[in-house]
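Just so it is clear, none of the values below were taken in a lab; they were calculated from the coordinates. This is a predicted model, so every value here is computed, not measured. Here the Cβ positions follow ideal geometry from the backbone for every residue, glycine too, while neighbour counts run over all protein chains shown.
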Protein chains: 4
Amino acid sequence: MKDKLTFIGVIGGGEVSSQVAGLAEEVGREIARQGAVLVCGGLGGVMEAACKGASDEGGLTIGILPGDNRRAANPHVKIPIVTGMGNARNVAVVKSSQAIIAIDGSHGTLSEIGHALQNRIPVIGLNTWSLSIDGRADDGIIPANSPKDAVNKAIELINNRE
Amino acid sequence: MKDKLTFIGVIGGGEVSSQVAGLAEEVGREIARQGAVLVCGGLGGVMEAACKGASDEGGLTIGILPGDNRRAANPHVKIPIVTGMGNARNVAVVKSSQAIIAIDGSHGTLSEIGHALQNRIPVIGLNTWSLSIDGRADDGIIPANSPKDAVNKAIELINNRE
Amino acid sequence: MKDKLTFIGVIGGGEVSSQVAGLAEEVGREIARQGAVLVCGGLGGVMEAACKGASDEGGLTIGILPGDNRRAANPHVKIPIVTGMGNARNVAVVKSSQAIIAIDGSHGTLSEIGHALQNRIPVIGLNTWSLSIDGRADDGIIPANSPKDAVNKAIELINNRE
Amino acid sequence: MKDKLTFIGVIGGGEVSSQVAGLAEEVGREIARQGAVLVCGGLGGVMEAACKGASDEGGLTIGILPGDNRRAANPHVKIPIVTGMGNARNVAVVKSSQAIIAIDGSHGTLSEIGHALQNRIPVIGLNTWSLSIDGRADDGIIPANSPKDAVNKAIELINNRE
């Protein structure tokens with residue numbers, strides 16, 4: 001297939017402040033503007049705001065759901081993937097993405113960052129976790145200073161890798 | 001989202017005769033002609049033939065992959081979902097589909113039929129498994145006599161349920 | 001570890017007749033008498049009866065649970081494995097067993113038989129599914145005529161393979 | 001069952017320094033001395049050292065494996081659980097444990113810490129990750145100053161919760 005799509009994951013808490021939701025929505029918009037497909041966990045908070053942004057710009061949105069019911073997807077998910085696998089679906093969210101943008105974040109987001117870094121999938125962070133071990137900072141998460149910067153970095157990293 | 005998509009799963013062996021591949025390709029074509037999205041396990045055999053048929057008609061194809069590598073998808077998969085979960089991905093193939101068309105079939109296909117019937121997702125069969133227990137035939141699998149008949153039955157069952 | 005344990009899976013419906021429960025309990029007893037460990041899905045019906053039988057004979061019982069709560073295990077499970085993965089846990093039940101005894105059976109049991117045969121794990125059947133495709137009987141399930149016969153066959157198949 | 005077992009998870013990198021392996025082995029010994037069952041991912045590094053310690057003290061060890069092959073378990077695993085689910089098995093390691101001891105740590109360990117904290121399973125840390133978000137430290141990981149202290153804290157937390 002000549003016209004290969006690009007898949008960018010957006011991860012973050014299921015319940016977030018309106019400021020964080022605003023960041024996520026703008027990330028979703030920018031992903032769609034650049035012609036990439038948005039992958040997420042399909043529920044609320046960061047996931048819903050990002051899907052809304054992408055959807056408003058005519059982008060394609062994939063929601064990989066933890067439960068058995070496709071109706072649990074937020075209304076901006078175009079393609080629900082129904083796993084019934086609970087938190088294990090986080091692994092599929094991560095692996096289905098060629099780069100990940102982490103926004104703010106809960107402990108579920110932390111698990112996804114761990115899975116991504118373990119699988120050498122780039123993680124770009126906006127207001128998200130800082131990690132250190134034994135006093136050494138982990139430089140796994142690439143900082144971004146705006147939604148547009150985050151998406152630019154994600155696409156650049158994907159293109160360099162291909 | 002007003003324009004909800006319809007998702008039809010196609011399951012069957014990863015290595016099949018050309019006659020079975022022909023059936024699968026025609027099922028894929030008909031799914032696309034009727035405007036539905038094709039869901040499958042993303043690999044070869046029935047999965048590849050069905051994706052080729054759907055893709056040739058301009059349809060959307062989703063391949064839910066067992067491994068860690070998106071390049072393992074057959075070339076007609078538009079949206080690869082990368083799970084890294086091995087055979088457990090069969091559950092996501094089934095649950096992401098609103099009806100399933102089973103063609104011919106291996107033991108992996110049998111596992112998917114079991115998961116579908118357990119979750120009350122309709123299964124339409126073309127040249128596939130017959131099941132009985134204690135001498136009683138199980139009527140879980142709905143027989144179809146052609147690819148077009150199979151897709152018609154799938155869509156009718158989905159519409160009746162919604 | 002010199003003293004390697006032998007693991008036998010018992011699969012079957014979560015709600016069964018007292019006659020079927022009697023068969024399952026006797027299978028569990030025989031597994032324990034022969035010094036093997038019983039693996040199952042940890043819930044009711046065939047699983048509970050088999051665990052009761054094994055436990056009464058002092059055997060070890062493992063229940064691989066679909067949900068998030070270890071208290072959902074039947075009271076005769078000594079080692080609950082908590083997956084939170086729903087039906088995908090069926091795959092772990094199968095792969096953790098060196099041979100499987102299928103008793104009676106629901107559609108969930110059918111999915112487990114499919115996963116086992118796909119992974120070349122022997123399946124011994126007691127009053128369970130019969131499978132055929134295109135008029136040909138599938139000889140994947142090895143018939144047994146009693147609980148003791150089923151366990152003997154399971155252990156013989158495991159020993160021959162090692 | 002009156003004699004309920006206690007399950008403590010030990011997580012950490014698959015390749016570690018001899019100093020870290022020493023800590024893990026002592027954690028395993030202490031778990032066994034206190035009569036608890038050790039749960040881990042079944043492979044090398046921290047997992048193997050902890051299993052060796054527990055096994056040397058006569059304790060029971062469970063290894064929840066990512067692959068399809070039970071022989072991939074380290075030699076001190078008494079009960080291999082074979083999932084074939086890759087990184088998704090991390091979720092089962094976490095949920096099968098009533099408390100987790102994290103030692104040193106790789107990005108896989110980080111994913112397990114995230115899954116544990118999301119599921120309100122206590123995490124005790126020995127030389128492991130420090131987490132902060134927006135400059136605020138996350139207090140999810142309970143620090144321990146020795147293997148014995150870590151196991152004591154795990155058991156106390158489990159007993160308080162029951």
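A few comments on the model shown:
- Over region B:1-86, relative contact order from alpha-carbon pairs under 8 Å, at least 6 apart, %: 27 percent
- Given B:Lys95/C:Lys95; C:Lys95/D:Lys78; A:Lys153/B:Lys78; A:Lys52/B:Lys78; D:Lys78/D:Lys153; C:Lys52/D:Lys148, the pairs whose alpha carbons are separated by over 27 Å: C:Lys52/D:Lys148
- For B:Arg136, the label point sits 7 Å beyond Cα toward Cβ; its separations from the matching points on the remaining copies run 2.9, 5.8, 6.4 nm, from shortest to longest.
- Interchain or long-range residues, amide H under 5 Å from A:Ile64's placed H: A:Cys40, A:Gly41, A:Gly42, A:Ile81
- Computed 3J(HN,Hα) for region B:62-75, one whole-Hz value per residue from the Karplus formula 6.51 cos²θ - 1.76 cosθ + 1.60 where θ = phi - 60°, is 10, x, 9, 8, x, x, 9, 10, 5, 6, 6, 5, 5, x, glycine and proline marked x.
- Relative pair counts by distance (%), Cα atoms of region B:1-139, 5 Å bins: 2, 12, 22, 25, 21, 12, 5, 2, 1, 0
- As a rough footprinting exposure proxy, the listed residues B:His115, B:His107, A:His76 were ranked by other beta carbons within 10 Å of their own, and the order from fewest upward is B:His107, A:His76, B:His115.
- Likely footprinting exposure, B:Val91, B:Val123, fewest C-beta neighbours within 10 Å first: B:Val123, B:Val91
- Rounded to the nearest whole Hz, the Karplus-based 3J(HN,Hα) values (6.51 cos²θ - 1.76 cosθ + 1.60, θ = phi - 60°) of region B:119-134 follow the sequence 9, 6, 9, x, 10, 9, x, 10, 6, 10, 4, 10, 10, 8, 9, 6, with x at glycine and proline.
- With a 10 Å cut-off around each Cβ of D:119-130, the average count of Cβ atoms from other chains is 3.
- Per the Debye formula on identical point scatterers at the alpha carbon atoms of region B:15-81, with no solvent, log10 I(q)/I(0) at q = 0.26 Å⁻¹ is -1.02.
- Of all DSSP beta bridges confined to region B:33-162, the antiparallel ones make up roughly 10%.
- Over chain A, relative contact order from alpha-carbon pairs under 8 Å, at least 6 apart, %: 22 percent
- Amide H contacts under 5 Å for D:Ile141, placed H, 5+ residues apart: none
- Closest approach to the axis - chain A beta-carbon, rotation onto C, Å: A:Met85, 2
- GNM result for chain C, Cα springs below 10 Å: residue of C:Arg71, C:Arg136, C:Arg120 fluctuating most strongly: C:Arg136
- Shape of region B:52-106, Cα gyration tensor, a/c cut at 1.5: oblate
- Inter-label distance for A:Ala137 and A:Lys4, nm, one decimal - labels placed 7 Å from Cα along Cα-to-Cβ: 3.3 nm
- With a Förster radius of 22 Å applied to the C-beta separation of A:Glu15 and C:Asn69, the computed FRET efficiency comes to 0.45.
- Three-way shape call for the protein assembly as shown based on the alpha-carbon gyration tensor, with the a/c threshold at 1.5: oblate
- Where only DSSP H runs of four or more residues are counted, chain C gives -11500 deg cm²/dmol as its mean residue ellipticity at 222 nm, each run worth -39500 (n - 2.57).
- Nearest-first distances (nm) between copies at D:Asn159, label 7 Å from Cα via Cβ: 4.5, 6.1, 6.6
- Annotation: the residues B:Ser55, A:Ser111, C:Ser132, D:Ser130, sorted from fewest to most other C-beta atoms within 10 Å of their own C-beta, follow the order C:Ser132, D:Ser130, B:Ser55, A:Ser111.
- For D:Ile101, residues with placed amide H under 5 Å, excluding near neighbours: D:Gly9, D:Val10, D:Ile11, D:Ile124
- For C:Arg120, the point set 7 Å out from Cα toward Cβ sits 3.0, 4.0, 4.6 nm from its twins in the other copies, listed from shortest up.
- Modelled FRET efficiency - R0 51 Å, C:Asn127 with D:Arg161, Cβ distances, 0.05 increments: 0.75
- Gap separating the Cα centres of region C:108-162 and region A:1-79, nearest whole Å: 44 Å
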